[in-house]
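Engineer: My questions all concern the structure below.
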Amino acid sequence: MTITTRDQSVPQTPELTVTVVRLEHTGHVLAALTRATTGPPPAVRLLTQSAFPLAVPGASGLVLVPAELLTTEQLGAPRDILAAPWRWYVDTGGEQAAAPATPQLKPVSCPAPSVGLTEGSLNIASSTTDGAAPVLALVHPTAQWGTGSAVSLQIRDALGPNGAALLGNGNVAESDEALVFVRGRPVAVYAPGEID
């Protein structure tokens, strides 16, 4: 008599080869797609033209992210990246850290940074102190669905040793809104009034 046992482990979902559109400075994945062809990923402008319309998390608006802030990459990824690309970022090592041999896709896992306005500058604070984490702030006027707001101020920097950064040099107006990306953290939204 032969007794056969079934493996009770959870089956692993095979990885896909995907093309991701990501922020070059922080690695945040904005979109992921599969392609019928192989070879290098298409240039950013073939996929986005001059800007990528990004929905504002938790708000009623679209922000047009300039194509020059984006790059494309082809890599292996879990299947659920297609349903929720914003939960992932590509770790390339960045300006302050050595680049890994191959770019690595990692889940966004740290708490979202807090964002406030101090005398015309965005005050960014992260509960995890990582002074090497790159920061990108996209400042824009109040967004409206369907129209899209152009980015008026792009600020690229990194968190200081205390896990904080002050961005904008007094150029952020009290009526402006902003999307703030810190590597490894969910996108943070700064809005002076109530979010629609």
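Engineer: What ³J(HN,Hα) values, in whole Hz, does the Karplus curve 6.51 cos²θ - 1.76 cosθ + 1.60 give for segment 110-115 when θ = phi - 60°, with x put for Gly and Pro?
Structural biologist: The phi angles translate into 6, x, 5, x, 8, 9 Hz.
Engineer: Starting at the first residue of segment 28-38, write each ³J(HN,Hα) from the Karplus equation 6.51 cos²θ - 1.76 cosθ + 1.60 with θ = phi - 60°, in whole Hz, x for Gly and Pro.
Structural biologist: So the J values, rounded to whole Hz, are 4, 7, 9, 7, 9, 8, 9, 10, 7, 9, 9.
Engineer: Under a 5 Å amide H to amide H cut-off, with H placed in plane at 1.01 Å, what residues pair with Ala158 once short-range neighbours are removed?
Structural biologist: Result for Ala158 returns Val135.
Engineer: Taking amide H positions as placed in the peptide plane 1.01 Å from N, state which residues far from Glu15 in sequence (5 or more) or on other chains have amide H under 5 Å from it.
Structural biologist: Excluding prolines and chain starts, which carry no amide H, there are no hits.
Engineer: Near the amide H of Gly61, under 5 Å away, which other amide H atoms are found, from residues 5 or more places off or on another chain, if H is placed in the peptide plane?
Structural biologist: Excluding prolines and chain starts, which carry no amide H, the hits are Val56.
Engineer: With every protein chain kept in place and ligands, DNA and RNA left out, what is the accessible area per residue of segment 124-196? Probe 1.4 Å, answer in Å².
Structural biologist: 46 Å²
Engineer: Just in segment 113-179: which GluC sites (Glu not before Pro) are loop by DSSP and have at most 15 other Cβ atoms within 10 Å?
Structural biologist: Filter output for segment 113-179: Glu119, Glu174.
Engineer: I would also like to ask the following. Give me the percent of accessible area attributable to carbon and sulfur for segment 21-162, probe 1.4 angstrom.
Structural biologist: Solvent-exposed carbon and sulfur of segment 21-162 make up 53 percent of the total.
Engineer: I'd like the trypsin sites (Lys or Arg not before Pro) in segment 11-80 restricted to DSSP loop residues with at most 15 other Cβ atoms within 10 Å, sorted by number.
Structural biologist: Arg35
The values are calculated or read from the model by the stated rules, or taken from the named source; none is laboratory data. Given the structure is predicted, the values throughout are model-derived calculations rather than measurements. Using ideal geometry, Cβ is built from the backbone for each residue, glycine included, and neighbour counts are taken over all protein chains shown. Note: accessible area is taken over every heavy atom of the protein model, side chains too, but ligands, DNA and RNA are not part of it. Shrake-Rupley method; radii C 1.70, N 1.55, O 1.52, S 1.80 Å.
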